[in-house]
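Input: a single structure, listed below in structure tokens.
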Amino acid sequence: MKLNYKIIFHFLGLLLLFNGGFMLLSSLVSLIYDDGVTVQIFSAGIVTLVLGIIAMVFTKDHNKEMNKREGYIVVTFGWVIMSLSGTLPYLFTESIPTFTNAFFETMSGYTTTGASILNDIEAVPKGVLFWRSLTHWIGGMGIIVLAIAILPLLGIGGMQLFAAEAPGPSADKLHPRITDTAKRLWLIYFGYTAAETLLLSVAGMSFFDAINHALCTLSTGGFSTKNASVAYWNGQPIIQYIIILFMFLAGTNFVLSYFAFKGKVQKIIGDEEFKLYFKFIVIFTIIAALIIYFRADIAASTIVHPMVWGEAESAFRHALFQVLAIVTTTGFVTADYTMWTPFLAVFFFGLMFLGGSAGSTSGGVKVVRHLILIKNGFLEFKRTLHPNAILPVRYNTKAISGDIVFNILGFFTLYMLSFIVGALGFSMMQIEFKSAIGLAASSLGNVGPALGEFGPVNNYANLPSIGKWWCSFLMLIGRLELFTVLILFTPFFWRNR
């Protein structure tokens, strides 16, 4: 069966239209703040829109049936096309003059990694900073999920895309029609973003800083408008607690938020992944807070305004904030956690492999996969003692098929192999061991801050050009859950059957 190339290019054109529209929105922000780059951002938006229109016009007579192969191609190349076109505002304004750096920043944005090459963020024009935050927000819930919400207008079914894009081992559906699911998810996503913007504004942030940090929190991205990230507000704990709340929500399955708004609290309480996610946050925060309080020098590790409400509160807040920032892969920082004793440096490195909930905007392995791996591991002990017994893995009281268990085992193996190969790639660039493994774990998990010279108070500007391209590839495969991208490198995928 031959690939339907016309529908692929038609869909890529549609994504370019979305991208161009968001660039025009950024040019409006630039105009409001009179930052001097309105024309350049507007021009980038027009160029992107024209390219999208051309792609759609030349493929308007496409066959409207899409199979899984085309779904995987659209998702992967959609991300690449969005990242390539997303470099234009940086290049046109000369905020990031080199293509390699601009592509790295854009890919880091769309994959919600939050790693940056900018040395002086506060000197960047506001319209460009808003565009930078928007790349997070678009990528957070998934540009593909956004697009399939309007697919009925094109007469195209979007289930193939949702299967390739939806984060986690399975795609929970709120409604039988996939487009209605996408609309509900985006409504919740938009509502949370508006709520956080309002709360941060009331708490003392400027409106510009509030909307940017809301865009980057709900997408679990981590770009900030300040050089010191959220540490800039260490003197205003209430701001950090608001961001903590929304990081927690962003790392939770958005389907559970939908149930909460419908009053179905029992579904949330009974969800095994949510319970484990909550327990992880509580346990890891207690461990980190106790070590920070008794062993670490908080004043030395915090970037600005070390303590406001006392040492105990400060230790708890920094611990909770950094645990959530790493587990949900948001990547905001309030302090240099690598200075909090060697144990905590390794501890936070380990958290990079955890990830938030499936169906959230988080990167990483995801809590549900760890849960099923742990359950299957314990069942292996029982199977050893009782080889003839049928012992299925159960999740939320339901037996899981062996295919899903094998898929998760395969994913975890592939994830660790990708991490090892990623670290080896960085080591070949003469990057020292701690920085190499930190870069690999952070890029693959879409975390942002790493270890060594690319730690939480540094950026990626000193990474060699080839290292930035390697990082970008790891970010992409991590954000799209490995299989979606790596399957394109297999010969059988491209065979006409």
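Here are a few things to note about the model shown:
- Test: residue in the range 262-269 that is over 17 Å from Gly140 (Cα atoms), assigned to a helix (DSSP H, G or I) and open to solvent by less than 70 Å² (accessible area, probe 1.4 Å): yes
- Residue tally, condition among the small types (Gly, Ala, Ser) and out of contact with any helix residue (DSSP H, G or I) (no Cβ under 8 Å at 6 or more places or on another chain), over the range 397-451: 4
- Scanning the range 369-403 for residues that are open to solvent by 60 Å² or more (accessible area, probe 1.4 Å), part of a helix (DSSP H, G or I) and basic (Lys, Arg) yields a count of 2.
- In the range 124-142, of all residues being touching a Phe, Trp or Tyr at 6+ places or on another chain (Cβ under 6 Å) and modelled with pLDDT under 95, the one that is most open to solvent (accessible area, probe 1.4 Å) corresponds to Met141.
- Selected residue (only one of Phe280, Phe294 is part of a helix (DSSP H, G or I), more than 20 Å from Tyr189 (Cβ to Cβ) and either β-branched (Val, Ile, Thr) or open to solvent by 90 Å² or more (accessible area, probe 1.4 Å) (or both)): Phe294
- Candidate set: the range 451-483, residues that are among the hydroxyl-bearing types (Ser, Thr, Tyr) and closer than 22 Å to Thr330 by Cα; chosen: the one surrounded by the fewest Cβ atoms within 10 Å (Cβ to Cβ): Ser472
- Among the criteria (1) surrounded by 21 or more Cβ atoms within 10 Å (Cβ to Cβ); (2) not in a loop (DSSP other than H, G, I, E, B), the one Thr225 does not fulfil is (2).
- Failed item, numbered, when Tyr241 is tested on (1) assigned to a helix (DSSP H, G or I); (2) surrounded by 21 or more Cβ atoms within 10 Å (Cβ to Cβ); (3) touching a residue at least 40 places away in the same chain (Cβ under 8 Å): (2)
The values are calculated or read from the model by the stated rules, or taken from the named source; none is laboratory data. Quantities reported herein were computed from a predicted structural model and do not represent experimental measurements. Don't worry about glycine lacking a Cβ; one is built from the backbone with ideal geometry, like all the others, and counts go over all protein chains shown. For accessibility, only protein heavy atoms count, side chains too; no ligands or nucleic acids. Shrake-Rupley method; radii C 1.70, N 1.55, O 1.52, S 1.80 Å.
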